[in-house]
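Participant: For reference, the structure I am asking about is given below.
The values are calculated or read from the model by the stated rules, or taken from the named source; none is laboratory data. This one's a predicted model, so the numbers in the text were calculated from it and none came from an experiment. Note: ideal-geometry Cβ built from the backbone for every residue, glycine included; neighbour counts use all protein chains shown. Heavy atoms of the whole protein, side chains included, go into the accessibility calculation; ligands, DNA and RNA do not. Shrake-Rupley method; radii C 1.70, N 1.55, O 1.52, S 1.80 Å.
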Amino acid sequence: MCGRFTLTSSGRRLQQRFALAAAPADPPPRYNIAPSQPVLVIPNRPTRRLRPARWGLIPHFADDPRVGHRHINARAETLATRPAFRAAFARQRCLIPSDGFYEWRRGARAREPFHIRPRDGEPLAFAGLWDVWRPASGEPIASCTIITTGANPLLAPIHDRMPVILPPDAWDTWLDPAACDPFALRPLLVPCPDDWLEAYPVSSLVNAPAHEDPACIAPLPAGEAEAVGNTD
């Protein structure tokens, strides 16, 4: 799964990385983004722009927006069959920019948090879905979910799932509004190569969403936990 992630890149960097139509205002650095909080997505619209959305997909047909709490992740294997995700998979896909994400390894006494980040330092593109829920009264709610797949060998010792991280040469296909065939899109939803990422243990501060500062991504001192992969 993917239950927390980070985004600290500037608006200019995001524009350059994702070929956005315009540079957005610099978003505030986020070191511990949690479900139900606002995130930034790039929906499959003709013009590529960053848009705000709530993390936790609320299908347009939902009776209650609280259903979004159960839809922070969507399994790649069942997107085409689950009612909550089927229509969005066909027509409402997005990229979700991130500078890294967290996962927890089950230890002998407690769950141990790890930060997973790109080796090359470039923002990652999570594969996501978006939708808009329109209440009988009040403002519409745009929301999203992060698609997950089985873990690659680097992440497998930590958790059995990971977010789908799309390579740049897949972005146009994923964001093409005319691409509606799930059988053509499904091959994109696979684990990324090991050498894209590095993982290292971090403080349990990240366990609480209230902690939102650089200390969340600071590596634990040597000897306190065993890192997974190389952090050089």
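Participant: Collect residues whose amide H, placed 1.01 Å from N in the peptide plane, falls under 5 Å from the amide H of Val164; neighbours closer than 5 in sequence don't count.
Facilitator: Residues meeting the criterion, in which the H sits 1.01 Å from N, are Ala127, Ile147, Thr148, Thr149.
Participant: Sorting Val202, Val67 by accessible area (1.4 Å probe), largest first, what list results?
Facilitator: Val67, Val202
Participant: Further question on the same structure: For Cα extents along the principal axes in Å, several values are listed as [x] 56, 49, 39; [y] 56, 37, 28; [z] 53, 36, 36; flag the one computed from this structure.
Facilitator: Checked against the structure: label [z].
Participant: With a 1.4 Å probe and all protein chains in place, put Glu112, Glu139 in order of accessible area, largest first.
Facilitator: In descending accessible area the options line up as Glu139, Glu112.
Participant: Between beta-carbons, use under 11 Å as the cut-off and find the net charge around Asp195, counting Lys and Arg +1, Asp and Glu -1.
Facilitator: -2
Participant: Given charges of +1 on the Cβ of Lys and Arg and -1 on the Cβ of Asp and Glu, with all other atoms neutral, how large is the dipole of the stretch 1-153 about its Cα centre, in debye to the nearest 20?
Facilitator: In total the dipole reaches around 140 debye.
Participant: Let me ask something else. Of all accessible surface on the stretch 50-187 at a 1.4 Å probe, what whole percent is carbon and sulfur?
Facilitator: C and S fraction of accessible area: 51 percent.
Participant: Could you sort Arg111, Arg30, Arg134 by accessible area so the largest value comes first, with the probe set to 1.4 Å?
Facilitator: Arg134, Arg111, Arg30
Participant: With a 1.4 Å probe and all protein chains left in place, how much accessible area per residue does the chain have, in Å²?
Facilitator: Per residue, the chain has an accessible area of 48 Å².
Participant: What list of ³J(HN,Hα) couplings, whole Hz, do you get for the stretch 193-207 from phi and the Karplus terms 6.51, -1.76, 1.60, once you set θ to phi - 60° and write x for glycine and proline?
Facilitator: Result, rounded to whole Hz: x, 4, 6, 6, 10, 9, 10, 8, x, 10, 5, 5, 3, 5, 4.
Participant: How much mean residue ellipticity at 222 nm does the chain get from its helices, if each DSSP H run of length 4 or more adds -39500 (n - 2.57) and you divide by all residues, to the nearest 500 deg cm²/dmol?
Facilitator: -3000 deg cm²/dmol
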